[in-house]
Structures are given as C-alpha cells and as structure tokens.
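Have a look at the structure below, then the notes.
The values are calculated or read from the model by the stated rules, or taken from the named source; none is laboratory data. On a predicted model such as this, the values are computed, not experimentally measured, just so you know. Virtual Cβ from ideal backbone geometry, glycine too; neighbours counted across all protein chains shown.
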C-alpha cells in the first residue's frame, strides 16, 4: 500500500515505515492508496494539487487526535468515519 503523508508529519511517517508501509511525502506527488494530513496544521485544501487518487479510490485521513494504532486500523480495513455527522435534526451538521 502506498501512502502519501503531509511533509510535516515526520514522526508519523517513521512509525508507518516501521510498520512496513511504503510512505511518501505530499511534495513527492506520488499517486497513493491513502493520503494522511493534519487539518489543524495545514488543512486538506492546501494539498488539492498533490492528491491523485488511484483507480479504486484513495482514503483521506486526518491524523489529528489519532494514534498510530487507529491509523493502522483505518489503513488495514480501508474504513474511515464520514466527514460529517448527521444529528437527529438532519439539517444540523456536526
């Protein structure tokens, strides 16, 4: 699995590489199965030119507040929660 990660997430990149993942920086512009970024630090909108999804689609993972175990689970199960949560009043987005 190819993963591209925000350049500033150095420690997370090392952790993923130690787990055996093929990891690149966003600045390398490599088509990847998953893209990991920090919404707090930089925001996804700043990397729109660096993201090239695979034919099967790519995961976009906000690393903020997630442990390496949580990120590994998301990657191995290709499962991630939605960007928005619908409340009981379907007009309210949380």
Exercise. Given the structure, is residue 53 modelled with pLDDT under 80, out of contact with any strand residue (DSSP E or B) (no Cβ under 8 Å at 6 or more places or on another chain) and surrounded by 13 or more Cβ atoms within 10 Å (Cβ to Cβ)?
Worked result: yes
Exercise. Mind checking which residues of region 1-27 are under 16 Å from residue 52 (Cα atoms) and in contact (Cβ under 8 Å) with a residue 24 or more places away in the chain?
Worked result: 1, 2, 3, 4, 5, 6, 26
Seminar exercise, completed: Residues in region 22-38 that are outside any strand (DSSP E or B) and either on the phi > 0 side of the Ramachandran plot or surrounded by 20 or more Cβ atoms within 10 Å (Cβ to Cβ) (or both) total 2
